[in-house]
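The structure appears below as C-alpha cells.
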Amino acid sequence: DTGVSQDPRHKITKRGQNVTFRCDPISEHNRLYWYRQTLGQGPEFLTYFQNEAQLEKSRLLSDRFSAERPKGSFSTLEIQRTEQGDSAMYLCASSPGGQRNTIYFGEGSWLTVV
Amino acid sequence: AQSVTQPDIHITVSEGASLELRCNYSYGATPYLFWYVQSPGQGLQLLLKYFSGDTLVQGIKGFEAEFKRSQSSFNLRKPSVHWSDAAEYFCAVGPNQAGTALIFGKGTTLSVSS
C-alpha cells in the first residue's frame with residue numbers, strides 16, 4: 001500500500017506527558033499537512049510543509065505543539081505537556097502540489113489524554 | 001471569510017433509495033471543491049473533486065456532485081444507496097487564504113436503514 005501512513009494509530013497518555021506522532025506521506029508528494037479532528041467536527045488545519053519547510057501554521061497550533069519534516073520526507077508532530085483538550089484524532093495528509101492540488105489523507109492517529 | 005456549511009448533521013436513508021447531501025460554501029474566488037467519506041475510526045477517503053469545467057463530476061462508489069455557482073453549492077448525490085455507504089461525509093473547499101490547505105464542513109452522518 002502506497003498511501004499516507006501514520007503511527008501509532010492509537011495512543012493513550014497521561015496528562016502532562018509528551019507524545020509524538022509520525023507520518024509517512026505518499027512517495028514523491030512534496031506537500032504534507034497535519035489536521036486535527038474532534039468528535040462531531042470536521043478536520044481542522046494545523047500546519048503545512050512544502051518539502052522540509054514549514055510554511056503555514058494555524059492558530060490552533062499552540063506553543064506546546066511542534067512539527068518537523070526533516071529532509072522533506074516523513075514528518076513528526078509532537079505535543080508537549082498534553083492536556084485533556086488535546087484528545088482528538090490527528091490526521092496527516094499529503095499532496096503532489098501544483099494547480100489542481102488533491103490532498104490524500106492517512107488513517108489518523110487517535111490521542112486520548114487521561 | 002472562507003467557510004463550508006453542511007446543513008444536515010444526520011440523515012437516514014432507506015437502502016436502495018436516492019441520496020442527496022447538501023454543501024454550501026463561502027469563498028471569494030472560484031473554489032476547488034471536494035467530498036470525502038470517513039468510516040468510524042478511519043481516515044478520510046476522497047470521493048470526488050471539482051476544479052473547473054463540467055459542473056457535474058463523477059466520483060468513486062457511484063457518487064456524483066454538481067457545482068452550482070449561483071447557489072454556492074456542491075451537493076453530493078447517489079441514485080441508490082447501499083448499506084455500506086453508511087459513514088460520515090465531509091465537504092471541503094480550497095485552497096485557504098494562504099493557498100494551501102482545505103477548509104472542511106462539520107460533516108453529515110449518513111445512516112442506511114434496511
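Descriptive notes on the structure:
- In the structure shown, the pairs B:LYS78/B:LYS106; A:LYS57/B:LYS61; A:LYS57/B:LYS78; B:LYS49/B:LYS78; A:LYS11/B:LYS61; A:LYS14/A:LYS71 are assessed against 26 Å; a Cα-Cα span above that value is assigned to A:LYS57/B:LYS61; A:LYS57/B:LYS78; A:LYS11/B:LYS61; A:LYS14/A:LYS71.
- Charged-residue dipole, Cβ positions (Lys, Arg, Asp, Glu), chain A about Cα centre, Debye nearest 20: 240
- Cα pair distances in the protein assembly as shown, grouped into 5 Å bins until the bin that holds the longest one, percent each: 1, 7, 15, 18, 19, 16, 12, 7, 4, 1, 0
- Take the Kirkwood radius over Cα pairs of chain A, plug it into Stokes-Einstein at 20 °C and 1.002 mPa s, and you get 153 µm²/s for translational diffusion.
- In order along the range A:98-110, phi translates into HN-Hα couplings of x, 5, 9, 7, 9, 9, 10, 9, x, 7, x, 10, 7 Hz, rounded to whole numbers, per the Karplus curve 6.51 cos²θ - 1.76 cosθ + 1.60 with θ = phi - 60° and x for Gly and Pro.
- Electrostatic tally near A:ILE103: other residues with Cβ closer than 10 Å to its Cβ, Lys and Arg +1, Asp and Glu -1, net +2.
- Note on the range B:6-110: dipole from Cβ charges, positive end direction compared against B:VAL57, B:SER84, B:THR108; the farthest Cα belongs to B:VAL57.
- The charge dipole of the protein assembly as shown, taken about its Cα centre with unit charges on the Cβ atoms of Lys, Arg (+1), Asp and Glu (-1) only, comes to about 380 debye.
- When the alpha carbon coordinates of chain B are projected onto the principal axes, the ranges are 44, 30, 22 Å, largest first.
- Between B:ALA87 and B:LEU110, the built amide H atoms are under 5 Å apart, and every one of these is 5 or more places off in sequence or on another chain.
Each reported figure results from applying straightforward, stated rules to the coordinates on display, with no laboratory input. It should be emphasised that the depicted structure is a prediction, and the values quoted were computed from it without experimental measurement. Here the Cβ is made from the backbone with ideal geometry for all residues, glycine too, and neighbour counts use every protein chain on show.
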